[in-house]
Structure formats: C-alpha cells, structure tokens
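Below: the structure, in structure tokens.
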Amino acid sequence: VLGTMHARFAKGRMNDAAETFSTILEALHSVSTSSDQEDETADSFVHRVFGLQFRQYAACGECGSTSSALLYSTFVYYIPAAAIGDCDGDPSFGSLLRQVCQTERRGCAASPCPAKGVPVVTEATLLPSVLVLGVVWPQARVPQDDLIRFLAHVGTTFAVADLFDGSPGAMRARLTGLVLYYARHYLALFWHTPSAEWLLFDDGRVRPLGTEWLAVLRYLVQGHLQPLLLFYSLDAAPTPQNGARVGGSAHNAEDKAGEVDQEALEDEDADDDVHVVGTGQQPLGSKAVLAALRAAVEVRTPLKRPRDEAEEALEMDENLGRMAEIFGNSYDLPTLQRYLRRYNGDVQRA
C-alpha cells in the first residue's frame with residue numbers, strides 16, 4: 001500500500017522509521033475523512049491520537065512585545081540524540097528536551113527595542129493522546145557509549161509543561177513504546193498492560209523483557225539497539241481556560257469527570273523523570289543509570305543481539321535461493337553470494 005503512495009517505499013527497500021510512520025498516519029487520515037475535507041489537519045482519529053499542533057513566537061523580556069506566531073502541525077516531534085547525550089547534570093527529561101530542542105533566538109521585532117537574543121517560545125495549541133518523539137542520530141550506527149549516554153537520559157515519565165508552554169500543569173507523559181534499529185533491521189518494544197511487562201517484537205518473534213526498565217536498557221545497550229521513535233501516552237488532565245486542547249474534540253475538559261487528586265500529583269512530581277527499576281525498588285536518576293549501563297557492557301551475555309548468527313545465516317541462505325531462481329542461468333552461486341554479502345543480504349540492491 002505504501003509503495004503505491006510513494007516510490008521510496010518500494011518492496012524490499014529500507015526506509016526511515018519516522019517517515020514510514022508519518023506516511024502510514026497520513027494514509028489513515030486520508031481514508032478517515034470525507035473527500036471534501038482538504039485541510040490536512042481536518043479532524044480525524046489520527047490527529048486526535050497522534051497530531052501535535054504548536055506555535056512559536058519571540059517574546060521580548062525588555063519591552064514585553066511578541067512577534068507574529070508561526071503555526072506547526074506534525075505527527076512526530078524530533079529530538080537530537082547527540083545533544084541529549086552530551087547533557088551534563090541530571091535535569092528532568094522534559095526540561096532537557098526544551099533545552100536542546102528550543103534553542104532559537106531572534107532580535108526583537110518591535111522598533112526601536114534593541115534587544116537581541118530574544119528566546120522563541122514553543123506553545124502547544126493541541127496536544128495528542130500519544131506524543132511521538134523522533135530521535136535524530138548523527139549516523140546510522142553510533143558508538144556504544146553514545147547510545148549509553150542517550151539512553152541514560154531518557155525518562156519514562158515527565159511533565160508535559162516542562163517541554164511545551166501552554167500545557168496543563170498536571171499533565172504527564174509516560175513512555176509506552178519504542179521503535180528500534182539494528183543492522184538494517186527494525187524492532188518494536190512496547191509496554192503490555194495486561195501482563196504488566198515490556199515485550200520486544202522482532203518480526204514474528206515476541207520476547208518478554210520483564211518489568212524493570214533498567215533491565216530493558218541493559219538489553220538495548222548489549223544488543224546495540226538504537227531508539228528511533230519514542231511513544232509517550234499523555235495522561236488526561238483538566239484543560240485550562242487559555243491552555244492547549246488535549247487530543248482534539250474527543251478529549252475536551254468537559255469529558256473529564258472528577259476532581260484532580262493534588263496529593264497524588266505531588267507524589268508523582270517527586271518521581272518525575274526517574275527510571276523505575278522494579279517493584280518495591282527505589283528509582284534511579286540518569287547518573288546512576290549511566291554507571292549501570294557502562295558496567296553492563298563489560299558483561300558478556302548469550303543474548304547480546306536480537307537475532308543470533310544461526311538465524312541470520314538461515315535468512316542469508318533463503319535470500320541466496322531467491323537470487324539463484326532469478327539469475328541462476330547467468331551467474332554461479334559464489335558470485336551471487338558475494339553480491340548478496342556486499343549489500344548485507346538486501347536482495348533488491350544485490
């Protein structure tokens with residue numbers, strides 16, 4: 001289906017996970033709205049669940065003026081992995097994302113104010129039910145320590161207001177899943193609520209990784225699995241009078257019954273952006289996680305990679321057979337095997 005929408009999604013061709021995800025959502029959006037709705041942001045379940053809308057404007061602290069706002073709508077909010085990994089200290093994940101993603105400065109647009117370096121405010125106008133963060137890596141395969149430093153800062157929960165102005169102060173983002181990359185292969189890792197554990201989806205194989213987030217991080221590091229997409233479920237919260245709407249029309253404030261438990265929220269704030277390592281255990285900050293992950297790479301385990309060599313050899317043999325069916329009359333098997341290995345088993349490229 002995707003191949004009919006864009007040529008880059010031809011069968012057997014490798015593509016960026018975030019672009020694939022966005023294209024799938026665009027396709028779902030197009031079939032879930034009427035033909036006379038030409039607006040890409042027209043109300044649909046896709047935008048209510050995944051659609052993020054925000055505006056950006058410069059707010060001068062000297063004269064109090066604000067510039068004209070630029071409006072944005074997206075399914076994926078991109079974050080730089082290298083900048084996150086280079087962060088010193090132990091800030092909350094939401095504050096860290098604001099620090100590395102919202103760095104633009106402008107001169108004051110009001111004349112004759114001489115102010116320069118005016119910060120640009122990023123204010124959410126519509127928050128989705130699920131916030132998707134796209135991780136931008138400087139290269140396809142990064143050094144293991146770069147992966148460790150990034151994972152050590154990834155928070156399983158954070159206050160949405162730490163990232164976006166205009167967000168309900170009580171709203172929390174909770175990590176529910178990741179799309180991972182390893183050696184031209186994608187995997188998915190998601191929290192399974194009925195069994196209360198993390199499940200790794202590797203093609204047709206499903207592997208439980210337990211309940212402890214630190215154990216999951218160790219597995220990612222030892223397998224050199226790079227996160228490409230992070231899925232955060234946004235907890236429902238009352239909508240402020242002038243704040244961002246949440247999840248479109250299906251999640252308006254009037255649909256939320258009951259009062260907010262302030263004591264519970266204060267307890268959650270105390271655990272903001274920590275890494276829960278197991279039931280009944282104390283949460284760890286990013287520095288402790290960093291030390292634990294660096295220690296983990298020194299310990300060799302039999303499950304270092306998601307797919308062992310026997311499985312990869314079997315897949316290579318199957319692909320070689322496919323090539324032999326097409327080119328067997330023109331090339332011998334050693335020649336076909338050489339081309340196949342050159343392109344890491346990609347039959348189409350070979």
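The values are calculated or read from the model by the stated rules, or taken from the named source; none is laboratory data. Small disclaimer: the values here were computed from a predicted structure and weren't measured. Cβ atoms come from the backbone with ideal geometry, glycine included; neighbour counts cover every protein chain shown. With ligands, DNA and RNA removed, areas are computed over all heavy atoms of the protein, side chains included. Shrake-Rupley method; radii C 1.70, N 1.55, O 1.52, S 1.80 Å.
What the table below lists for this structure:
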item: Residue tally, condition of a type in the set (A, V, I, L, M, F, W, C), out of contact with any Pro (no Cβ under 6 Å at 6 or more places or on another chain), within 23 Å of E19 (Cα to Cα) and open to solvent by less than 50 Å² (accessible area, probe 1.4 Å), over the range 110-155; result: 13
item: Selection count where residues are over 18 Å from the mean Cα position of the chain (by Cα), among the charged types (D, E, K, R) and under 26 Å from A124 (Cα atoms), scope the range 164-200; result: 1
item: Given (1) farther than 27 Å from S22 by Cβ; (2) open to solvent by 20 Å² or more (accessible area, probe 1.4 Å); (3) out of contact with any strand residue (DSSP E or B) (no Cβ under 8 Å at 6 or more places or on another chain); (4) touching a residue at least 40 places away in the same chain (Cβ under 8 Å), index of the condition G89 fails; result: (4)
item: Condition met for V221 (of a type in the set (V, I, T), at pLDDT below 90 and open to solvent by less than 30 Å² (accessible area, probe 1.4 Å)); result: no
item: Residue satisfying all of: in the range 72-86; in contact with a strand residue (DSSP E or B) (Cβ under 8 Å, 6 or more places away or on another chain) and part of a loop (DSSP other than H, G, I, E, B); nearest to A27 (Cα to Cα) among these; result: F75
